[in-house]
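Undergrad: Please read through the structure below; I'll follow up with questions.
What follows is calculated from the coordinates using simple rules that are stated; it is not laboratory data. Treat the numbers as computed from the prediction; the structure is a model and nothing was measured. Cβ atoms come from the backbone with ideal geometry, glycine included; neighbour counts cover every protein chain shown.
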Amino acid sequence: MTGTTCLIVNPAAGRGRIRSALPSLLAAFGARRITATYETSAPGEEEELAERAIGAGAQTIVAVGGDGTCGRIANAILRSRAPCRLAVVPAGTGNDFAKTLGLNGYSPGQIADLVVRGVATQIDVGIADGYYFLNSCGFGFDASVLEASNHVRFLKGDAVYIYAALRQLFSYRGIQVAVTGASGVKRGPMLMVTVSNGRFLGGAFRIAPHASVLDGKLDACFFGDSNVVERVKLFVGAMRGTHLGMRSVSAASVQELALTFASPPSMEVDGELRRARSKTVELKCVPRALSVVAAPRAIV
């Protein structure tokens, strides 16, 4: 197993804080005879490195980074159709996908042990605008918060998204969205739309508390726009995972969904900002498409 395993490391993950931990991390995997390592030198290089690793026969790729790193490596694996597993050492800002796998709090050595054991689970993935996502795809306020968080340099971890969200809460203007594929949701002003495979968003928010990566569905959540007081209530509710009971929130479990905007929207995809190719974005779930290494009994 170890001979066909490699690590892809994003040294910029977590605002570069992973760099100081890399020697001990690599030593933990090296002690288990996992030594093949690729390191990104530019943003977005994970896909190219994953393709190279798969071409060299990798059967397990360990992503050392955040949600964006995981998502890019997953895209390379899924497009290649190779029998390759994805494992994760969480080293990003929010680490939402690692939470889904139950790996937050695991040491690199413990994760390396899981990799060596060779136990894997097949999970669902989503597709948004032709790009695979593992955890979430968001529009409106979500994408705006992500863009703002990229300029927050004095905080780390969940605090980055919380601070950026609070700043945007009072100034963001909302979006107009038409929805196809979710009954009962009408076109109108919305604060944001999230389409989730996993339960977490931005580290601190339980945005899709009933989501499962095993049910063959995506959990869509539509946040109607409102005044500042209601926005604050939504913010608190989203942190607690209680927002689904609020009057301005609609939710649907869907296999496919289409969202139409006035112009091609910005969208948050696994913690990265992307621009849609057209004003209509199609999303769907691909059941049990990706093999992952997870903590025992963590995946739901």
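Undergrad: Is the shape of the chain rounded, prolate or oblate, going by the alpha carbon gyration tensor and its root eigenvalues a ≥ b ≥ c, with a/c under 1.5 for rounded and a/b larger than b/c for prolate?
TA: It comes out prolate by the Cα gyration axes.
Undergrad: How much length is gained on full extension from residue 122 to residue 33, taking 0.36 nm per residue of separation minus their Cα-Cα distance?
TA: That works out to 29.5 nm of additional length.
Undergrad: Tell me the mean residue ellipticity at 222 nm calculated for the chain from its helices only (DSSP H runs of n ≥ 4, each -39500 (n - 2.57), averaged over every residue, nearest 500).
TA: Helices in the chain give a 222 nm mean residue ellipticity of -8000 deg cm²/dmol.
Undergrad: Among 96, 219, which comes first, second and so on when ranked by fewest other beta-carbon atoms within 10 Å?
TA: 219, 96
Undergrad: Provide, as a two-decimal number, the C-alpha radius of gyration of the range 231-275 over 2.2 N^0.38 Å, N being how many residues it has.
TA: 1.45
Undergrad: Sticking with this structure for a sec: Which residues does the label zone of residue 4 cover in the range 57-71, counting backbone N under 16 Å from a point 7 Å along Cα→Cβ?
TA: Under cut-off, by backbone N: 57-62.
Undergrad: Let me ask something additional. Between residue 178 and residue 214, what is the label-to-label distance in nm when each label sits 7 Å out along the Cα-to-Cβ direction?
TA: It is 3.9 nm.
Undergrad: Let me ask another. Considering only 93, 125, 106, whose Cα is most displaced toward the positive end of the charge dipole of the range 1-130, charges sitting on Cβ of Lys, Arg (+1) and Asp, Glu (-1)?
TA: The Cα lying farthest towards the positive end belongs to 106.
Undergrad: Just to confirm the filter: which trypsin sites (Lys or Arg not before Pro) across the range 213-276 are DSSP coil and have at most 11 other Cβ within 10 angstrom of their Cβ?
TA: 247
Undergrad: How about the range 36-114: which trypsin sites (Lys or Arg not before Pro) there are in a DSSP loop, with at most 10 other Cβ atoms within 10 Å of their Cβ?
TA: The qualifying sites are 81.
Undergrad: Still on this structure, I have one more. Taking amide H positions as placed in the peptide plane 1.01 Å from N, state which residues far from residue 87 in sequence (5 or more) or on other chains have amide H under 5 Å from it.
TA: Those qualifying (amide H under 5 Å, at least 5 residues apart or on another chain) are 61, 62, 63, 293.
Undergrad: Quote the relative contact order of the chain in percent (integer), defining contacts as alpha-carbon pairs under 8 Å separated by 6+ residues.
TA: 21 percent
Undergrad: Measuring from label point to label point, each 7 Å out along Cα→Cβ, what is the residue 186 to residue 228 span in nm?
TA: Each label point lies 7 Å from its Cα, and together they span 2.9 nm.
Undergrad: Give the lysines whose C-alpha is closer than 25 Å to that of residue 186, dropping any in the same chain fewer than 8 places away, or say none.
TA: Once the sequence-local lysines are set aside, what remains near residue 186 is 217, 233, 279, 284.
Undergrad: Compactness ratio of the range 132-286: Cα Rg over 2.2 N^0.38 Å, N = residue count?
TA: Working it through for the range 132-286, the quotient is 0.95.
Undergrad: Here's something else I'd like to know. Is the range 2-119 rounded, prolate or oblate when judged by the Cα gyration tensor, a ≥ b ≥ c being the square roots of its eigenvalues, rounded requiring a/c under 1.5 and prolate requiring a/b larger than b/c?
TA: Because its axes are fairly even, with a/c under 1.5, the range 2-119 counts as rounded.
Undergrad: Hand me the chymotrypsin sites (Phe, Trp or Tyr not before Pro) from the range 99-159 located in a DSSP loop with no more than 16 other Cβ atoms within 10 Å, in residue order please.
TA: For chymotrypsin sites (Phe, Trp or Tyr not before Pro) across the range 99-159 that sit outside H, G, I, E and B with at most 16 neighbouring Cβ atoms in 10 Å, the list reads 154.
Undergrad: Obtain the nm distance between the two label points defined at residue 52 and residue 275 by a simple spin-label model: each point lies 7 Å from its Cα along the Cα-to-C-beta direction.
TA: 2.9 nm
Undergrad: Stretch residue 171-residue 247 to full length: gain in nm at 0.36 nm per residue minus the Cα-Cα span?
TA: 25.2 nm
Undergrad: Based on the alpha-carbon gyration tensor of the range 197-300 and its eigenvalue square roots a ≥ b ≥ c, which shape applies: rounded if a/c is under 1.5, prolate if not and a/b is larger than b/c, or oblate?
TA: The shape class here is oblate.
Undergrad: Please state the charge dipole magnitude for the chain, taken about the Cα centre, from unit charges on C-beta atoms (+1 on K and R, -1 on D and E), reported in debye and rounded to the nearest 20.
TA: That gives a dipole near 380 debye.
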